[in-house]
Amino acid sequence: MTDSDSRTPGSAVKQPGAMSRIRNYFLTGLIVAGPVAVTLWLIWWFVTWVDNLVRPFIPSVYRPETYLPIQIPGTGLITAFFALTLLGFLTANLIGRKLVDFGESLLNRMPIVRPIYRTAKQIFQTLFSKSESSFRRVGLVEFPSPGMWSLVFLTQAPNAQISDRLPDTDYVSAFMPCTPNPTTGFFFYVPKRDVIDLDITVEQAMTVIMSAGIVQPGGDSSGKLAALAETARAAQAARQPAPTAVE
């Protein structure tokens, strides 16, 4: 006897109603169109922001809207791209390098501007360089309390001025971004032995943080995260001193 024969007349599968199908279609369309709309909006916002920032520096005779009835977006972005490329080309030459050094020497003589410029320069060099000081590794640390684990981005070890004043162990610089805004967070030095390196990319970790864990890496990586967290708990338990016997 087949399953269809064993069903009674009153046990027929109830088909979803029209409103239920419309709701499913709407949610499916929202899932498809939502990411595209957000991506296009962010691109439009960035292009418009750069255009408004660069347009005042472009003479009106060179602006397309001077000769056209509409304003063409992206002209400021293209101008900024070529200007930065030209600046990099000139900086790579001897004369350009001398001009940059002269400008930096002027900024370094200004009491208020000097620390702002130095900090901004170090941040840009760190973010856009391929050195070990940029975010290249992702790890797990036990924070904010025992048994709770947080994703951190690891950079390099502290310099001698800081490491000499830390306890006698190897430390690494760690940045723990906040959810859902990864531009804010906590920075601290953590012992290397308390960090668990993860085999995931910085982009995957950013996705996990910005989505508050809704979007996870691939299935293998998720299982690897759980396995590494379990290893960390076992290592922490092994570091704790054994209780002494009471006579």
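The values are calculated or read from the model by the stated rules, or taken from the named source; none is laboratory data. For clarity, every value in this text was computed on a predicted model and none was experimentally measured. In this analysis, Cβ positions are derived from the backbone assuming ideal geometry, glycine residues included, and neighbour counts consider all displayed protein chains.
Comparison of A92, A83 shows that the only residue that is surrounded by 11 or more Cβ atoms within 10 Å (Cβ to Cβ) and free of Cβ contacts under 8 Å to residues at least 60 places away in the same chain is A83. Only one of the numbered conditions (1) modelled with pLDDT of 80 or more; (2) among the aliphatic types (A, V, I, L, M); (3) under 30 Å from C178 (Cβ atoms) is not met by I78, and that is (3).
Cβ-Cβ distances below 7 Å connect the following pairs, each with a first residue in the range 201-225 that is within 17 Å of G139 (Cβ to Cβ) and modelled with pLDDT under 85, a second residue that is among the aliphatic types (A, V, I, L, M) and surrounded by fewer than 15 Cβ atoms within 10 Å (Cβ to Cβ), and a separation of six or more residues or different chains: T207/V215; V208/V215. Scanning the range 83-103 for residues that are in a helix (DSSP H, G or I) and more than 16 Å from K121 (Cα to Cα) gives A83, T85, L86, F89, L90, A92, L94, I95, G96, K98, L99. So which of V190, V246 is at pLDDT 85 or above and at negative phi? Matching residue, one of V190, V246: V190. Going by the conditions given, is S145 loosely packed, with under 14 Cβ neighbours inside 10 Å, modelled with pLDDT of 80 or more, hydroxyl-bearing (S, T, Y) and within 30 Å of G213 (Cβ to Cβ)? The answer is yes for S145.
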